[in-house]
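> Starting off with a structure, shown below.
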Amino acid sequence: MIEYLSFFEECYLLFTIPKFDYSLKKQAYNPKKVYAVDNGLAIANSLSFSSDTGRMLENLVFVMLRRKHHEIYYFRNDRECNFVIKERGSIQLVIQVCAKLNSDNKIREIEGLFEAMVYFDLNEGYLITIDEDDELIRDGRLIRIVSFRKFIAA
């Protein structure tokens with residue numbers, strides 16, 4: 001299976017991102033997240049019968065980030081943060097993606113982002129949604145909830 005995955009990566013059909021760790025050995029050991037170069041490709045080859053809007057939005061955000069950034073990771077300690085952007089040797093940006101915030105997922109999504117912000121000592125983080133815009137301040141750190149439309153315009 002890993003061999004096939006590497007073939008798809010070489011053809012630029014799929015991309016993988018590692019879990020962030022300061023240890024390269026631990027980075028290599030941990031599982032990678034997989035993203036498709038195109039959402040249509042992902043949908044056409046999916047075994048799922050339901051639409052997964054959140055996963056498709058996450059894939060779309062990854063494709064947009066990949067155009068601008070070369071070092072992209074995900075973060076996971078107690079909670080997960082979808083994207084960690086490293087530039088010039090340090091972490092510059094953390095991004096969480098959630099199609100729509102609701103009472104079932106709001107705490108989980110914000111906690112994952114906030115944990116990454118604290119871990120990397122960042123004062124600002126982004127939570128990308130389909131159509132919500134807001135700002136939250138928690139312990140002096142700013143969480144920007146940004147609609148995908150505004151995210152791609154920036």
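Where a number appears in this text, it was derived from the coordinates with a stated rule and is not lab data. None of the values given here were measured: they were computed from a predicted structure. Counting neighbours? That spans all protein chains shown, and the Cβs are built from the backbone with ideal geometry, glycine included.
> Treating only the Cβ of Lys, Arg, Asp and Glu as charged (+1, +1, -1, -1), what charge dipole size does the stretch 2-153 show about its Cα centre? Round to the nearest 20 debye. Please report the intermediate quantities before stating the final value.
On the way: 21 positive and 23 negative charges, 56 e Å.
With Lys and Arg at +1 and Asp and Glu at -1, about 260 debye.
> Taking θ = phi - 60°, what integer Hz values does the Karplus form 6.51 cos²θ - 1.76 cosθ + 1.60 yield along the stretch 29-42, in sequence order, with x for Gly and Pro?
6, 6, x, 9, 9, 10, 10, 8, 5, 8, 5, x, 4, 5
> Here's something else I'd like to know. Note the full-extension length gain between ASP131 and VAL118 as 0.36 nm times their separation in residues minus their Cα-Cα distance, in nm to one decimal. The partial results should precede the final answer.
Working: separation 13, 0.36 × 13 = 4.68 nm, distance 2.62 nm.
Contour length minus the Cα-Cα distance gives 2.1 nm.
> From the alpha carbon gyration tensor of the chain, can you work out the equivalent ellipsoid semi-axes (sqrt of 5 times each eigenvalue) and give them in Å, largest to smallest? Intermediate values should be presented prior to the final figure.
On the way: eigenvalues 120, 81, 40 Å².
Working from the Cα gyration tensor, I get semi-axes of 25, 20, 14 Å.
> Then there is this: Can you tell me, using C-alpha contacts under 8 Å and at least 6 residues apart, the relative contact order of the chain as a whole percent?
Details: 237 pairs, mean separation 22.3, N = 154.
For the chain, the relative contact order is 14 percent.
> At 7 Å along the Cα-to-beta-carbon direction for both HIS70 and LYS100, put a label point, then send me their distance in nm to one decimal.
For HIS70 paired with LYS100, the spin-label model returns 4.0 nm.
> I'd like the distance separating the alpha-carbon centroids of the stretch 126-154 and the stretch 22-90, in whole Å.
A separation of 18 Å, based on Cα centres.
> Ranked highest first by the average count of other Cβ atoms within 10 Å around their residues, in what order do 143-149, 66-72, 35-41 fall?
On the way: 143-149: 17.3, 66-72: 12.7, 35-41: 15.7.
In decreasing order of mean packing, 143-149, 66-72, 35-41 become 143-149, 35-41, 66-72.
> Given labels modelled 7 Å from the Cα in the Cβ direction, how far is it in nm from THR53 to GLN27?
3.5 nm
> Please go through the residue pairs LYS19/LYS86; LYS33/LYS86; LYS26/LYS86; LYS19/LYS106; LYS26/LYS106 and name each one whose alpha carbons sit more than 20 Å apart in this structure.
Over 20 Å Cα-Cα: LYS19/LYS106; LYS26/LYS106.
> Let me ask another. Only helical DSSP H runs with n ≥ 4 go in: add -39500 (n - 2.57) per run for the chain, normalise by residue count and round the 222 nm mean residue ellipticity to 500 deg cm²/dmol. It would help to have the intermediate numbers written out before the result.
On the way: 6 runs with 57 residues, N = 154.
About -10500 deg cm²/dmol.
> Okay, moving on. For MET64, MET117, what ranking results if the residue with the fewest other Cβ atoms within 10 Å of its Cβ goes first? Display every interim value, and only then the final one.
Working: MET64 14, MET117 23.
Least to most surrounded, the residues fall as MET64, MET117.
> Let me ask something additional. Between GLU10 and ILE107, how many nm apart are label points set 7 Å from Cα along the C-beta direction?
Those two pseudo-labels are separated by 4.8 nm.
> Short version: ³J(HN,Hα) in whole Hz for each residue of the stretch 142-154, in order, from phi by Karplus 6.51 cos²θ - 1.76 cosθ + 1.60 (θ = phi - 60°), x for Gly and Pro, what are they?
9, 10, 9, 8, 10, 5, 4, 4, 6, 4, 6, 6, 6
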